[in-house]
Amino acid sequence: MPQNVAAELVDWIASWRRELRFGGYALAAALSPSTYVAATRTVAVKQIYFTAWQILLPFSLFMALFSLVVIQITMNVARNYDLSQFALELVVRALVLELIPLLIALFVALRSGAAIAAEVALMRQSGELEAAGENLLRHELVPRVAAAAISLVSLTVLNCAMALVLAYFSMYGFSPWAFDDYTRVVGYIFSLPIMAGFILKCIVFGAAVAVIPIVAGLEATERVRSVPVAVLNGMVRLFFVLGLLEVVSLAAKYI
Amino acid sequence: MISDKEPGFTLLPKDLEFKVKLLLILTVATAIAFVLYVMYARGVFEPTQRLILVVDNAEGVSVGMDLTFSGFSIGRVRRIVLRDDGKARIVIDVPLDDARWLRSTSIFTLERSLVGSSKIRVFTANLQDPPLEDRAERPVLRGDATEELPRMIAALKNTLENIEQMTATEGSLQASLGNVRTITERMGGRQGVLGGVLGSEDNAKKVVAAIDRANSLLTSLSGVSTKLDSALGKTDSMLGKTEQRVFGAGGVMDETQKAVAQANSILGEVRESLKKVDALLADAQVVGTNAKAATTDLRALRAEVDASLRKVANLIDEINRNWPFERETGIKLP
């Protein structure tokens with residue numbers, strides 16, 4: 001038994017080392033100009049198209065609906081407790097800073113992460129990956145990592161902006177005269193540390209969603225049955241990493 | 001690649017690159033616009049002047065808090081530091097546009113409320129005073145709702161105890177309410193308001209009976225006055241008839257005249273009494289609060305009427321005595 005636990009621990013540490021190594025490699029590749037050739041560019045464009053553009057409209061509609069419901073609930077609760085002056089701050093903090101980025105990260109993980117993990121695992125299983133070697137890693141996987149991260153940031157920025165606009169209209173109706181009030185609250189919330197934390201969170205979420213599924217896929221072996229196990233492990237790990245990042249972000253902000 | 005492996009499953013549009021570019025441009029534009037907006041919201045583009053508030057306890061003050069004037073935010077806390085003398089120094093940025101509300105005589109307060117954050121307020125009584133200079137240092141008056149709490153609770157407890165005493169089963173309020181209830185019950189009884197005012201139904205009945213008696217007395221009085229009239233008529237006719245006979249008779253004439261004068265005065269008295277009875281009747285109709293007084297009046301009136309009647313009876317007796325032929329209209333011859 002203890003040997004098993006120790007072996008599992010070693011495996012676990014090893015897989016995390018692989019994650020970090022691949023993440024570091026992807027970052028280095030993304031920053032080196034030699035990666036930017038026409039082929040990688042096409043791969044990245046396609047990845048962004050499938051991850052972000054294709055579902056932009058339905059997903060934005062869903063997020064708008066979700067935002068409206070959360071805004072209304074917050075407003076009503078704040079009014080019931082006679083704290084309506086804090087409703088906007090609460091909405092922005094809960095929705096824009098926490099809920100929307102987390103939901104988008106989970107959505108991108110579901111839409112692209114699972115697909116990427118399965119694809120990489122299959123390539124590994126068929127031996128395609130070993131045949132292509134370093135080249136594939138650089139010209140196929142790295143652009144996809146970058147593209148997934150960019151897609152996530154793009155979706156987050158657009159949906160957060162939409163939520164901010166929706167919050168204004170839900171709170172004040174279509175009157176332009178509350179703009180000063182609104183601006184004051186937004187200025188109060190988005191201090192420099194909060195803004196930097198928000199950007200950092202977006203980037204880290206993007207990196208996690210892109211890197212973890214790929215590394216999970218690389219853990220597949222030649223056996224066919226290792227493919228679903230690798231994908232499953234990757235997705236579970238991704239979920240925990242996202243949750244943990246969110247907890248760390250909340251703790252840093254409010255504790 | 002999904003599209004490469006299964007070309008039939010997902011179709012790649014021709015303007016794929018354009019769409020992705022559009023998305024990226026939109027994202028970058030939104031991000032830049034938002035950052036600029038936040039910078040504007042935080043007053044980065046606004047020239048500001050600095051105001052330094054000194055307070056002995058900066059509890060509840062946080063960076064980014066508003067300085068309000070008439071309910072409008074005119075400045076924002078930039079930083080809070082503890083000075084060497086142990087007092088807090090609150091540095092506030094006030095946009096130059098809003099600095100005109102700050103005058104040299106302005107008063108600054110820091111209020112802590114029970115719910116919600118603290119508030120820094122500025123009050124300017126005279127807007128004609130010279131403006132507050134940049135980097136001015138001003139003391140802050142502190143008001144703390146929670147500091148008032150213990151005192152308030154003590155006062156409240158006293159008040160509550162008083163109220164409890166008043167509303168207890170044996171308390172004065174209960175007794176008063178009981179009294180009011182008995183009175184209203186009596187008022188609702190057969191004798192109405194009269195019963196309520198006089199205390200019991202018996203008393204009210206007595207008053208009603210007194211009024212009834214007064215009525216019957218009035219009726220008999222009017223009978224008496226009719227009789228008096230006829231008696232006087234008779235007296236007149238007797239006087240007329242006997243005038244020539246008794247004109248010379250000494251003493252009789254004088255007494256008769258006296259009797260007539262008396263009768264006149266008695267009549268006047270009776271008239272007065274009748275007037276009083278009239279007034280009394282008016283009183284009796286609105287009887288209520290002065291019902292008891294009315295009964296006293298009635299008693300006096302009755303005594304008066306009795307006296308008057310007695311006088312009339314006396315007069316008639318006297319006339320009879322002085323006028324022995326009263327009933328015999330004919331003259332007896334010897």
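Quick rundown of the values:
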{"item": "Residue tally, condition closer than 18 Å to A:Glu19 by Cα and buried (at least 17 other Cβ atoms within 10 Å of the Cβ), over the range A:124-138", "result": "4"}
{"item": "Residue match in the range B:58-66 (condition: closer than 30 Å to B:Ser113 by Cβ and touching a residue at least 60 places away in the same chain (Cβ under 8 Å))", "result": "no"}
{"item": "In the range B:71-91, residue surrounded by the fewest Cβ atoms within 10 Å (Cβ to Cβ) [restricted to those that are within 14 Å of chain A (Cβ to nearest Cβ) and of a type outside the set (Val, Ile, Thr)]", "result": "B:Gly71"}
{"item": "Test: residue in the range A:132-141 that is within 14 Å of another protein chain (Cβ to nearest Cβ), at pLDDT below 90, within 18 Å of the chain's Cα centre (by Cα) and under 24 Å from A:Tyr25 (Cβ atoms)", "result": "yes"}
{"item": "Complete set of residues in the range B:223-234 that are without any contact (Cβ under 8 Å) to a residue 40 or more places away in the chain and small (Gly, Ala, Ser)", "result": "B:Gly223, B:Ser230, B:Gly233"}
{"item": "Residues being part of a loop (DSSP other than H, G, I, E, B), within 14 Å of chain A (Cβ to nearest Cβ) and either touching a strand residue (DSSP E or B) at 6+ places or on another chain (Cβ under 6 Å) or more than 18 Å from B:Asn57 (Cα to Cα) (or both) - total across the range B:92-129", "result": "3"}
{"item": "All positions within the range B:23-57 that are within 8 Å of chain A (Cβ to nearest Cβ), within 29 Å of B:Ala88 (Cα to Cα) and crowded, with 16+ Cβ neighbours inside 10 Å", "result": "B:Val38, B:Ala41, B:Arg42, B:Gly43"}
{"item": "Tally of residues being within 13 Å of chain B (Cβ to nearest Cβ), part of a helix (DSSP H, G or I), farther than 30 Å from B:Leu114 by Cβ and of a type in the set (A, V, I, L, M) across the range A:48-79", "result": "4"}
{"item": "Which listed residue is surrounded by 13 or more Cβ atoms within 10 Å (Cβ to Cβ), within 14 Å of chain B (Cβ to nearest Cβ), of a type in the set (Asp, Glu) and under 30 Å from A:Glu222 (Cβ atoms), from A:Glu119, A:Glu89", "result": "A:Glu119"}
{"item": "Any chance A:Ser67 is over 17 Å from the mean Cα position of the chain (by Cα) and at pLDDT below 90", "result": "no"}
{"item": "Test for A:Leu68: is it touching a residue at least 40 places away in the same chain (Cβ under 8 Å) and more than 30 Å from A:Arg223 (Cα to Cα)", "result": "yes"}
{"item": "Count - residues of the range A:140-156 that are in contact with a Cys (Cβ under 8 Å, 6 or more places away or on another chain) and of a type in the set (A, V, I, L, M, F, W, C)", "result": "2"}
{"item": "Set A:Phe205, A:Phe198, A:Phe174, A:Phe190: member being more than 14 Å from chain B (Cβ to nearest Cβ) and within 30 Å of A:Ile255 (Cα to Cα)", "result": "A:Phe205"}
{"item": "Checklist (1) in a helix (DSSP H, G or I); (2) on the phi > 0 side of the Ramachandran plot applied to A:Asp82, failing item", "result": "(1)"}
{"item": "Matching residues, the range B:31-63, being in contact with a Ser or Thr (Cβ under 6 Å, 6 or more places away or on another chain) and not hydrophobic (A, V, I, L, M, F, W, C)", "result": "B:Gly60"}
{"item": "Test for A:Val120: is it part of a helix (DSSP H, G or I) and more than 19 Å from the chain's Cα centre (by Cα)", "result": "yes"}
{"item": "Where a residue in the range A:162-189 is touching a residue at least 12 places away in the same chain (Cβ under 8 Å) and its partner, wherever it lies, is of a type in the set (D, E, K, R), with Cβ under 7 Å and at least six apart", "result": "A:Val185/A:Glu89; A:Ile189/A:Glu89; A:Ile189/A:Arg93"}
{"item": "Scan of the range B:19-50 for residues that are in contact (Cβ under 8 Å) with a residue 12 or more places away in the chain and either small (Gly, Ala, Ser) or touching an Asp or Glu at 6+ places or on another chain (Cβ under 8 Å) (or both), ordered by number", "result": "B:Gly43, B:Glu46, B:Thr48, B:Gln49, B:Arg50"}
{"item": "Residues that are away from every other protein chain (no Cβ under 12 Å) and in contact (Cβ under 8 Å) with a residue 12 or more places away in the chain, drawn from the range A:122-131", "result": "A:Arg124, A:Gln125, A:Gly127, A:Leu129"}
{"item": "The one condition in (1) more than 14 Å from chain B (Cβ to nearest Cβ); (2) at pLDDT below 85 that A:Ala38 fails to fulfil", "result": "(1)"}
{"item": "Residue check, B:Leu67 closer than 30 Å to A:Ser154 by Cβ and within 14 Å of another protein chain (Cβ to nearest Cβ)", "result": "no"}
{"item": "A:Val45 β-branched (Val, Ile, Thr), surrounded by 13 or more Cβ atoms within 10 Å (Cβ to Cβ), more than 14 Å from every other protein chain (Cβ to nearest Cβ) and closer than 23 Å to A:Phe107 by Cβ", "result": "no"}
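Condition check ((1) exposed (fewer than 15 other Cβ atoms within 10 Å of the Cβ); (2) assigned to a helix (DSSP H, G or I); (3) modelled with pLDDT under 90) across all residues:
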residue	(1), (2), (3)
A:Asn159	no, yes, no
A:Val186	no, yes, no
A:Ala196	yes, yes, no
A:Ala230	no, yes, yes
A:Arg237	no, yes, no
A:Gly243	yes, yes, no
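The values are calculated or read from the model by the stated rules, or taken from the named source; none is laboratory data. The structure displayed is predicted, hence computed values, not measured ones. Please note: Cβ atoms are built from the backbone with ideal geometry, for glycine as well, and neighbour counts cover all protein chains shown.
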